[in-house]
Amino acid sequence: MAIPRILLVKNGCPPGWIRSERPSGGWCIKVFAGAFIRDAADLKCREQGAVLSGLKDSAEIEKITDSARLIFSPNPINILWIGAKRIARCLRAPPSTGCNWSNAFEWTDGVTTGREGFIWNTGQPDNRGLRQGCSTLMVLMGPTIRTYNLFYNGRLDDNDCPYPVNGYVCGKHAIRN
């Protein structure tokens, strides 16, 4: 006879998950390593009973990047999929007043609200090649020159959805006590 496993929860979140708050209640967040395209990363989150997580604000981003640095250290450049996508009308459009850093993306996790978590790196989102429909979070050990721009830790970049990056951020509802 199999012995049931008891999952210990702290503040409604499983071990290793960070608790945050959303308007709908507690939200548990965890960073995972793994080189996946966005859709595969979303499937990996679903295996955890979660989805790719949105980012509430700079304080939450700091908690996530601190956690990621422990996982990825000493790797200096880390890119994580998050739960945000470019809205349909801006997918094939260059940056403009109607499609810019403040309005071209939306959260996909169903619980994150507001724009405070959309903290873009300088010059982003740029929709280079008019195909960068997804958003990633940069986790860096310091300012880094990547391709053509200076990138900073905890800032967002737009990316091609089928581009493999080295991690992802999952989120799920906390268990109510």
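The values are calculated or read from the model by the stated rules, or taken from the named source; none is laboratory data. Given the structure is predicted, the values throughout are model-derived calculations rather than measurements. No Cβ is skipped: glycine too gets one built from the backbone with ideal geometry, and neighbour counts run over all protein chains shown. Side chains are part of the model used for accessible areas, which takes the heavy atoms of the whole protein and leaves out ligands, DNA and RNA. Shrake-Rupley method; radii C 1.70, N 1.55, O 1.52, S 1.80 Å.
Computed from point charges on the beta carbon alone (+1 for Lys and Arg, -1 for Asp and Glu), the dipole magnitude for segment 48-105 about its Cα centre is near 340 Debye.
Based on alpha carbons, the Rg and Dmax found for segment 75-177 are 13.9, 49 Å.
Computed with a 1.4 Å probe over protein heavy atoms only, the accessible surface of segment 27-173 comes to 45 Å² per residue. Toward the positive end of the charge dipole of segment 27-173, with +1 on the Cβ of Lys and Arg and -1 on the Cβ of Asp and Glu, the farthest Cα among Ser96, Ala50, Gly142 is that of Ser96.
The heavy atoms of Lys30 present about 60 square angstrom of accessible area, all protein chains included, probe 1.4 Å.
Protein heavy-atom surface of the chain, 1.4 angstrom probe: 57% of the accessible area is carbon and sulfur, with nucleic acids and ligands not counted.
In a reduced charge model with +1 at each Lys and Arg Cβ and -1 at each Asp and Glu Cβ, the chain shows a dipole moment near 300 debye about its Cα centre.
Principal semi-axes of the equivalent ellipsoid, √(5λ) from the alpha carbon gyration tensor of the chain, are 28, 18, 15 Å from largest down. With respect to the chain, whose longest principal axis is taken over its alpha-carbon atoms, helix 58-72 is tilted by about 80°. Annotation: amide H-H contacts under 5 Å for Ala104 (H modelled 1.01 Å from N, sequence separation of 5 or more, or interchain): none.
Considering only the Cα atoms of segment 20-71, their convex hull presents on average a projected area of 4.0 nm².
Dipole of the chain computed with +1 at Lys/Arg Cβ and -1 at Asp/Glu Cβ about the Cα centre; of Gly154, Gly83, Trp120, farthest Cα towards the positive end is Gly83.
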